[in-house]
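**Student:** Structure below; questions to follow.
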């Protein structure tokens, strides 16, 4: 029974966590399934009320039986915006025009091989090994995952450092009894330039340890530049199913900034995150569900203005109870707090993202959910940039429907 639980968990991470998928074709060798959901919500936050898309998506899974117990598979997923997002613009030709956003955007795309004994190997854009550690609290529909180190660079998809839906990732997974693990490498090349603090090419890292934070936060207009590379990243996770109810997770992820100034001085700084999680129950099952995770990280994420955070601690918790009639109330707490180095770097500014979400989901059936969620913000962004930092961290309430395919 525990073995089947591990297999289910691995399948969810390799592919995509959804309530269901429909098999649309199957023969002796090939199988095709379609999944995803459409999520429409009405949300009130930051002084406005509007209809918005709730991360709707569509995905296709293809599986092929090979020889000697091997399977080949691929997964393709796109985010969709079925509700429209047109706006009025004043064009360069001095005309008023209507402009709409893209209907599709890439979320996942990977191909791999799997074997019941030898595990699985996947290549492409896929959920990172780090997500195994912290997925257990990422269950709210509207506000979630903003302290776990998954959706980095100001709530993006975690593609840059491979903790979320990582780009250009190679990943190996396997399970032995109650224990499973994942190892990954992100094979990519990123390079950019930063204007140095001193136009004459002096050291742009004034702290005594030549911290790369100074370069990453530089905003002056000198002529000398520092060349920065951020290339390969690596990660791993471990999952132990203690009982049918209790699961423990742990993992890490790291990369490295390598900077060279105009004077040829070389400096490096490591982007790393490590942490652990604990889960009781299953989110879709009846009864109690509770989960928590904690992480420590450095140079892994940015604040709400895009400035690098030298170090921070993140905590996420969630608890819910699903009744027999399908009602499921829940409450969650997120906190991401930067350390003293952040204040020293940015003139005493404070960064503490902190909020509570309470919600009520009604699982009408396994594939249709009506929901109400509300957020109360307790963040602390005191300092010179408090107004700008706070604008995206407001209280809010949302009501919506999620229709799984």
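The values are calculated or read from the model by the stated rules, or taken from the named source; none is laboratory data. These figures come from a predicted structure and were not determined experimentally. Because the Cβ atoms are built from the backbone with ideal geometry, glycine has one as well, and the counts that use them run over all protein chains shown.
**Student:** Just give me the residues in segment 150-181 being farther than 21 Å from residue 77 by Cβ and either at pLDDT below 95 or surrounded by fewer than 17 Cβ atoms within 10 Å (Cβ to Cβ) (or both), in sequence order.
**Tutor:** Correct list: 154, 176, 177, 178, 179.
**Student:** Hey, does segment 80-98 have a residue that's buried (at least 17 other Cβ atoms within 10 Å of the Cβ), within 26 Å of residue 369 (Cβ to Cβ) and at pLDDT 75 or above? I'd like the intermediate steps shown before the answer.
**Tutor:** As a first pass, look at segment 80-98 and keep what is buried (at least 17 other Cβ atoms within 10 Å of the Cβ): 80.
Cutting the leftovers down to within 26 Å of residue 369 (Cβ to Cβ) gives us 80.
With the extra rule that they be at pLDDT 75 or above, the set shrinks to 80.
Checked segment 80-98: at least one residue is buried (at least 17 other Cβ atoms within 10 Å of the Cβ), within 26 Å of residue 369 (Cβ to Cβ) and at pLDDT 75 or above.
**Student:** Quick check on segment 248-296: of everything there that is free of Cβ contacts under 8 Å to residues at least 24 places away in the same chain and not in a strand (DSSP E or B), which residue is nearest to the chain's Cα centre (by Cα)?
**Tutor:** The extreme case among them is 282.
Matching residues to (1) farther than 20 Å from residue 310 by Cα; (2) in contact with a strand residue (DSSP E or B) (Cβ under 8 Å, 6 or more places away or on another chain); (3) in a strand (DSSP E or B):
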| position | (1), (2), (3) |
| --- | --- |
| 113 | yes, yes, yes |
| 140 | yes, yes, no |
| 149 | no, yes, no |
| 172 | yes, yes, yes |
| 182 | yes, yes, yes |
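**Student:** Right, another one. What residue, among those in segment 184-196 that are touching a helix residue (DSSP H, G or I) at 6+ places or on another chain (Cβ under 9 Å) and part of a strand (DSSP E or B), is surrounded by the most Cβ atoms within 10 Å (Cβ to Cβ)? So that I can check it myself, show each step before the final result.
**Tutor:** At the first step, the residues of segment 184-196 found to be touching a helix residue (DSSP H, G or I) at 6+ places or on another chain (Cβ under 9 Å) are 184, 194, 196.
Remaining after also requiring part of a strand (DSSP E or B): 184, 194.
Values: 184: 23, 194: 20.
Selected residue: 184.
**Student:** Ok, one more. For segment 297-312, how many residues are within 16 Å of the chain's Cα centre (by Cα) and in a strand (DSSP E or B)?
**Tutor:** Matching residues across segment 297-312 total 2.
**Student:** Still on this structure, I have one more. Does segment 33-68 hold any residues that are outside any strand (DSSP E or B) and either in contact with a strand residue (DSSP E or B) (Cβ under 9 Å, 6 or more places away or on another chain) or within 20 Å of residue 357 (Cβ to Cβ) (or both), and which are they? Outline the logic, then answer.
**Tutor:** Going through segment 33-68, the residues outside any strand (DSSP E or B) turn out to be 46-47, 54-56, 66-68.
If the condition is that a residue be outside any strand (DSSP E or B) and either in contact with a strand residue (DSSP E or B) (Cβ under 9 Å, 6 or more places away or on another chain) or within 20 Å of residue 357 (Cβ to Cβ) (or both), then 46, 47, 54, 55, 56, 66, 68 are the ones that fit.
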